[in-house]
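The values are calculated or read from the model by the stated rules, or taken from the named source; none is laboratory data. Everything quoted here is computed from the prediction, not taken from an experiment. Positions of Cβ are backbone-derived with ideal geometry, glycine not excepted, and every protein chain shown enters the neighbour counts. Remember, those area values only see protein heavy atoms, side chains included, never the ligands or the DNA or RNA. Shrake-Rupley method; radii C 1.70, N 1.55, O 1.52, S 1.80 Å.
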Amino acid sequence: AGCTRIGRAMRRRDRIRENFVEACKHRSVLMQLFDLLNHKLRINSHWEDYYRFGLFRQDLSWEQRSLYVGYQGSRYFPWEGNSLKFDRLFQLKSLQKAVLAAHGIATPALIAKVGKQYSVDCVEKLRAVLADIDVPVVCKFDGGGSGVGIFCLEPRNGHFYCRDQRVDADWLWDKYAPTIERGFLIEERAANHPDLQEIYPDSLNTVRMTTVKTADGKWHLLLPYIKFGRGGSQVDNLSAGGIIGGIAAGIDDSGCLGTGYASKTRDEFEHHPDTGAPIAGVRVPFFDEARALALKASTTFGFMATVAWDVGITPAGPVIIEGNPFWDPQRVQGRLGPFLTPEVAAGLQPRAWWTPWD
C-alpha cells in the first residue's frame, strides 16, 4: 500500500510538472498566477484542473472553460443532486442489479451472492453453486472495487479455469477470505461483440455513458467513451493496470471511435498496443441502442441527478454492467474536452463566486 501511494504521488508530481511546462508555452508564470485567481473567481476552477484541462489555452472562451467539471471546484457541479441516502443502492451491486432487472433493463444474470451475510456463507455451499454453473462467470466484490478483486472463471471439461490456471471453490474462497464479510457476487460474464473483441479480448470493453438530469427533468448523455484493458488485464478500468492503466477513446454522435489514449500517460494509439487492431475509426455496434439503454436506466433511477453507466456491447446487444453516481471527471476531459455542453449547462445551477468553494 505504501509503494502504491508513493507511485501515485510521483505520477501526480510528474503530471503537474508536464502540465506546467505546457502552460508556459501559452502564458508566462506571472500571467498564470493571475489567470489561476481569475479562473477561481469567475468559474470556480481548481488550480490542478486549470492545468489538467488546458484552461491556460488562449483560444478558449469563458463559456467553453466553464463547461469543464471537477470534484475540487467548477462552474457547475452535477453531483450536487445525488443524495448520499441512496449511496447503498449503488455500493451494493447486487441491489442495483435487482432494480435494473425488475424494470426490464438488460444486465448480466446474477448467479449467487457469497459471503458471511449471504445464504452462500461457507466454502461447502460455494462448491455446490459452482457445480451447477456451465457458463463463463465474473466474480467481484458486492461493493465495487475499481477493478480490484475481479476474477473471470471459465468452465472447461468439468473444471473451472482463471486464465490458464485450474481453480475450484477453495481457491475462490481463499481469494476473498480477508474481506468475506463484505461479500462477493458471481454473475454471468458478458461477452464482447466481435468488433470489440478483436481490439482487446481479455476484458469486457465497456462504453461509459454518463448521464445528467437538467432542471426540466430531462436526461442528457455526456461525452461517451469506450474503455479497453491493456497488458493482459481482465478489466477495462482506467485506474487499473499499475503504471500503464487502461486505454480510452472518445465516441462521436455516429458511434465512431477516435484515437485511443493511455489513461496514465500521454501516449496516443491509433491501434491497440497489445493486439495491433485499429481503434480510431471503428464503429461501436449497437451504439444507438446503448445510448437509449443508459437513458432508460437513468429514468429508472430518476431520484438521482447524474449517473455514469458502464455498458457492455455483446453480440446480442447492450447490457448495463453497473452504474456509478460519483464518476471520475479528471481522466478524460484533458483529452476529449468538457463533459458539459451549453444546452446541458443552461439547465444546471451555476456556482456563484460568493458560495463556498468545493
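With respect to the conditions (1) outside any helix (DSSP H, G or I); (2) at pLDDT 95 or above, Arg57 lacks only one, and its number is (2). State which residue is surrounded by the fewest Cβ atoms within 10 Å (Cβ to Cβ) when the search covers only the range 299-319 and only residues that are closer than 17 Å to Val235 by Cα and out of contact with any strand residue (DSSP E or B) (no Cβ under 6 Å at 6 or more places or on another chain). Per the criteria, the residue is Thr314. For the range 174-214, which positions are part of a loop (DSSP other than H, G, I, E, B), basic (Lys, Arg) and more than 21 Å from the chain's Cα centre (by Cα)? Within the range 174-214, just Arg182 meets the criteria.
In this structure, does Lys93 turn out to be under 30 Å from Glu181 (Cβ atoms), open to solvent by 10 Å² or more (accessible area, probe 1.4 Å) and not β-branched (Val, Ile, Thr)? It is true that Lys93 is under 30 Å from Glu181 (Cβ atoms), open to solvent by 10 Å² or more (accessible area, probe 1.4 Å) and not β-branched (Val, Ile, Thr).
Residues in the range 40-72 that are closer than 20 Å to Thr341 by Cβ, open to solvent by less than 60 Å² (accessible area, probe 1.4 Å) and touching a Ser or Thr at 6+ places or on another chain (Cβ under 9 Å): Ile43, Asn44, Ser45, Asp49, Phe53, Leu55, Arg65, Ser66, Leu67, Tyr68, Gly70.
Within the range 13-36, the residues that satisfy the criterion of being part of a helix (DSSP H, G or I), surrounded by 11 or more Cβ atoms within 10 Å (Cβ to Cβ) and under 32 Å from the mean Cα position of the chain (by Cα) are Asp14, Arg15, Ile16, Arg17, Glu18, Asn19, Phe20, Glu22, Ala23, Gln32, Asp35, Leu36. Cβ-Cβ contacts under 7 Å between residues 6 or more apart (or on different chains), taken from a first residue in the range 16-36 that is farther than 24 Å from Lys264 by Cα and in contact (Cβ under 8 Å) with a residue 60 or more places away in the chain to a second residue that is open to solvent by less than 60 Å² (accessible area, probe 1.4 Å) and not hydrophobic (A, V, I, L, M, F, W, C), are absent.
Scanning the range 330-338 turns up no residue that is open to solvent by less than 10 Å² (accessible area, probe 1.4 Å) and out of contact with any Gly (no Cβ under 9 Å at 6 or more places or on another chain). For the range 44-51, does any single residue satisfy the condition of being over 23 Å from the mean Cα position of the chain (by Cα) and assigned to a helix (DSSP H, G or I)? Yes; the residues of the range 44-51 include at least one that is over 23 Å from the mean Cα position of the chain (by Cα) and assigned to a helix (DSSP H, G or I).
Only residues that are open to solvent by 30 Å² or more (accessible area, probe 1.4 Å) and of a type outside the set (Ser, Thr, Tyr) were counted in the range 243-257, giving 4. With respect to the conditions (1) farther than 27 Å from Leu340 by Cβ; (2) among the hydrophobic types (A, V, I, L, M, F, W, C); (3) in contact with a Lys or Arg (Cβ under 6 Å, 6 or more places away or on another chain), Val135 falls short on a single one, namely (3). Out of the residues in the range 105-118 that are open to solvent by 20 Å² or more (accessible area, probe 1.4 Å) and more than 14 Å from Ile180 (Cβ to Cβ), state the one that is farthest from the chain's Cα centre (by Cα). The selected residue is Ile111.
Entry remark, the range 164-186: residues being in contact (Cβ under 8 Å) with a residue 60 or more places away in the chain and open to solvent by 10 Å² or more (accessible area, probe 1.4 Å) number 3 in total. Within the range 188-203, being open to solvent by 10 Å² or more (accessible area, probe 1.4 Å) and in contact with a Cys (Cβ under 9 Å, 6 or more places away or on another chain) holds for Arg189, Asp202. Under the condition of being more than 27 Å from the chain's Cα centre (by Cα) and either in contact (Cβ under 8 Å) with a residue 40 or more places away in the chain or surrounded by 15 or more Cβ atoms within 10 Å (Cβ to Cβ) (or both), the residues counted in the range 126-160 number 6.
Can you confirm whether Phe86 is assigned to a loop (DSSP other than H, G, I, E, B) and touching a residue at least 24 places away in the same chain (Cβ under 8 Å)? It is false that Phe86 is assigned to a loop (DSSP other than H, G, I, E, B) and touching a residue at least 24 places away in the same chain (Cβ under 8 Å).
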